[in-house]
Amino acid sequence: MTDFLISLYPWTKALHIISVIAWMAGLFYLPRLFVYHVEQADKDQLPSIFEVMERRLLRAIMNPAMIATWVFGLFLVFTPGLVNWSSIWPWTKAAGVLGMTWFHHWLGRRRKDLMNGTNTVSARRYRMMNELPTLLMVVIVFSVVIRF
């Protein structure tokens, strides 16, 4: 099994990067859609357009990209010789990825609130939360590239 993972390493790494890019695009865009949705909530037809966009982004792009990111990331973790578990970087990266996953699920819950008309989050708070994936991305990228 380990020889198999080693031989697939370039493919696994490439697919992991592609998955991360797709997931990050959604994590950046969905909170922005929520801002527009909340700001236009009093208009008649606009919220339903936002609901379609939000649902499709989450279900068709973000969910598969998150799953692929985790799958290919775990393949990389189990590839022999890639991770030195006595270093700090794998743990900071793992914390960042868990934070991203929490944020993804938080967005999913907020989408349901918007669809049910029970949203209590302001447009300003969505704008502030939109910065979280950027901060987590910085932690993850520095962890992997610098490997402290």
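The values are calculated or read from the model by the stated rules, or taken from the named source; none is laboratory data. If you're wondering where the values come from, they're calculated on a predicted model, not measured in any experiment. All Cβ positions, glycine included, derive from the backbone under ideal geometry; neighbour counts span all protein chains shown.
Worth pointing out:
- Search result, residues across region 109-130 that are within 14 Å of Tyr29 (Cβ to Cβ) and either surrounded by fewer than 16 Cβ atoms within 10 Å (Cβ to Cβ) or of a type outside the set (Lys, Arg) (or both): Tyr126, Arg127, Met129, Asn130
- Close contacts from region 3-20, counting a first residue that is at positive phi and a second that is in a helix (DSSP H, G or I), with Cβ to Cβ under 7 Å and a gap of 6+ residues or different chains, come to none at all.
- Residue check, Met24 hydrophobic (A, V, I, L, M, F, W, C), out of contact with any Phe, Trp or Tyr (no Cβ under 9 Å at 6 or more places or on another chain), surrounded by 13 or more Cβ atoms within 10 Å (Cβ to Cβ) and at pLDDT 95 or above: yes
- Boolean, Met100 is at pLDDT 95 or above, farther than 24 Å from Phe148 by Cβ, buried (at least 16 other Cβ atoms within 10 Å of the Cβ) and in contact with a Leu (Cβ under 8 Å, 6 or more places away or on another chain): no
- Positions within region 85-97 being of a type in the set (S, T, N, Q), exposed (fewer than 15 other Cβ atoms within 10 Å of the Cβ) and in contact (Cβ under 8 Å) with a residue 40 or more places away in the chain, in sequence order: Ser87
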